[in-house]
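> What follows is a structure written as structure tokens; I'll ask about it next.
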Amino acid sequence: VQLQAYGGGLVQAGGSLRLSCVGSGNIRDINAMGWYRQPPGKERESVGVITSDGTTHYVDSVKGRFTISRDNAENAVYLAVNNLKPEDTAVYYCTAESKRRIGVWYWGQGTQVTVSS
């Protein structure tokens, strides 16, 4: 499975973005999908995940501001980010869990989100 994320950019604090990620290749192996981010100089951290039936889970720091959705027909996962803060500046990565190998995740290249104050 290959994943390609896009939609990042430079935005002012309080602004919004919508990140997209499309899967290709062995898409029938995709189970849950999710987003991670890596702020500059810090470790990669989870943002949230969406299961195959659409159930979402988020880390506390983004609850109420970030929304994950998916379109199974398009093999895509989305991350709508609102009320952005400078601390949301990071490279955002999408991930997809293998259906055949639960616990194994595919990773795509990230997309940079920069929030100016």
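The values are calculated or read from the model by the stated rules, or taken from the named source; none is laboratory data. Predicted model only: the values in this text are computed from it and were never measured. Don't worry about glycine lacking a Cβ; one is built from the backbone with ideal geometry, like all the others, and counts go over all protein chains shown. What goes into the accessible areas is simple: the full protein's heavy atoms, side chains included, and nothing from ligands, DNA or RNA. Shrake-Rupley method; radii C 1.70, N 1.55, O 1.52, S 1.80 Å.
> If you go through region 25-59 one residue at a time, how many are open to solvent by 40 Å² or more (accessible area, probe 1.4 Å), over 15 Å from residue 78 (Cα atoms) and within 16 Å of the chain's Cα centre (by Cα)?
5
> Can I ask one more? Give me the pairs: first residue in region 97-117 and over 13 Å from residue 35 (Cα atoms), second residue open to solvent by 90 Å² or more (accessible area, probe 1.4 Å) and in a strand (DSSP E or B), beta-carbon distance under 6 Å, and six or more apart or on different chains, which are they?
From residues that are over 13 Å from residue 35 (Cα atoms), the pairs are 114/10; 116/12.
> Being in a strand (DSSP E or B) and of a type in the set (D, E, K, R) is true for just one of 87, 97. Which residue is that?
On the way: 87 fails: in a strand (DSSP E or B).
The conditions single out 97.
> Sticking with this one: For residues that are in contact with a Pro (Cβ under 6 Å, 6 or more places away or on another chain) and of a type in the set (A, V, I, L, M), scanning just region 63-117, find the one that is nearest to residue 25 (Cα to Cα).
Checked region 63-117; the qualifying residue nearest to residue 25 (Cα to Cα) is 90.
> Which is surrounded by 14 or more Cβ atoms within 10 Å (Cβ to Cβ) and at negative phi, of 7, 108?
Values: 7 fails: at negative phi.
The conditions single out 108.
> Now for a different question. So which residues in region 60-82 are in a loop (DSSP other than H, G, I, E, B), open to solvent by less than 60 Å² (accessible area, probe 1.4 Å) and among the charged types (D, E, K, R)? It would help to see each step written out before you state the result.
Within region 60-82, the first condition is being in a loop (DSSP other than H, G, I, E, B), and the residues that meet it are 63-65, 75, 82.
After this cut, where a residue has to be open to solvent by less than 60 Å² (accessible area, probe 1.4 Å) as well, the list is 65, 75.
Scanning region 60-82 gives a single hit, 65.
> Right, another one. Which one is farthest from residue 71 (Cα to Cα) among residues in region 21-41 that are in contact (Cβ under 8 Å) with a residue 12 or more places away in the chain and part of a loop (DSSP other than H, G, I, E, B)?
Selected residue: 40.
> Give the residues of region 83-102 that are over 17 Å from residue 70 (Cβ atoms) and open to solvent by 50 Å² or more (accessible area, probe 1.4 Å), sorted by residue number. Full working, then the answer.
Taking region 83-102 first, the residues over 17 Å from residue 70 (Cβ atoms) are 83-91, 100-102.
Correct list: 83, 85, 86, 87, 100, 101, 102.
> Another one. Condition check: basic (Lys, Arg) and in contact (Cβ under 8 Å) with a residue 24 or more places away in the chain. Does residue 65 satisfy that?
So residue 65 does not fit the description; no.
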